[in-house]
Amino acid sequence: MITTMTIPKLDKALILLDEIHRAPRSSVELAGATGISRPHVVRLVASLRGIGCKIESVQSPTGKGEFAYHLRDWGVFDAQRVRKYVKGLK
């Protein structure tokens, strides 16, 4: 049984990390998929980068100034454990 953490920001960061892993997406798409506001998505990505996650911002091929986040390395997190934990939150 997985219990939720008492640190909501960490839970949101892990949910976001899992969503970026599923497919590269813009901050707007991630906000819609997670229910986290777009500005908070951007701050969480910065926080995740700060602890070693390799998340790249790649410009959309449309050239309209849109960027998608791509997860290249989970950093300090174990991908399987994060995905299992996030699944337990839903």
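The values are calculated or read from the model by the stated rules, or taken from the named source; none is laboratory data. Computed from a predicted structure; not experimentally measured. Cβ coordinates were reconstructed from backbone atoms using ideal geometry, including for glycine residues, and neighbour counts include every protein chain displayed.
Quick look at the values:
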quantity: Meets criteria (at negative phi and modelled with pLDDT of 95 or more) for Asp73; calculated: yes
quantity: Hey, Asp18 at pLDDT below 95, closer than 16 Å to Val86 by Cα and assigned to a helix (DSSP H, G or I) or not; calculated: no
quantity: Which listed residue, of Val45, Val28, is buried (at least 19 other Cβ atoms within 10 Å of the Cβ) and either among the hydroxyl-bearing types (Ser, Thr, Tyr) or part of a helix (DSSP H, G or I) (or both); calculated: Val45
quantity: Residue within segment 79-89 that is at positive phi and either modelled with pLDDT of 90 or more or within 11 Å of the chain's Cα centre (by Cα) (or both) present; calculated: no
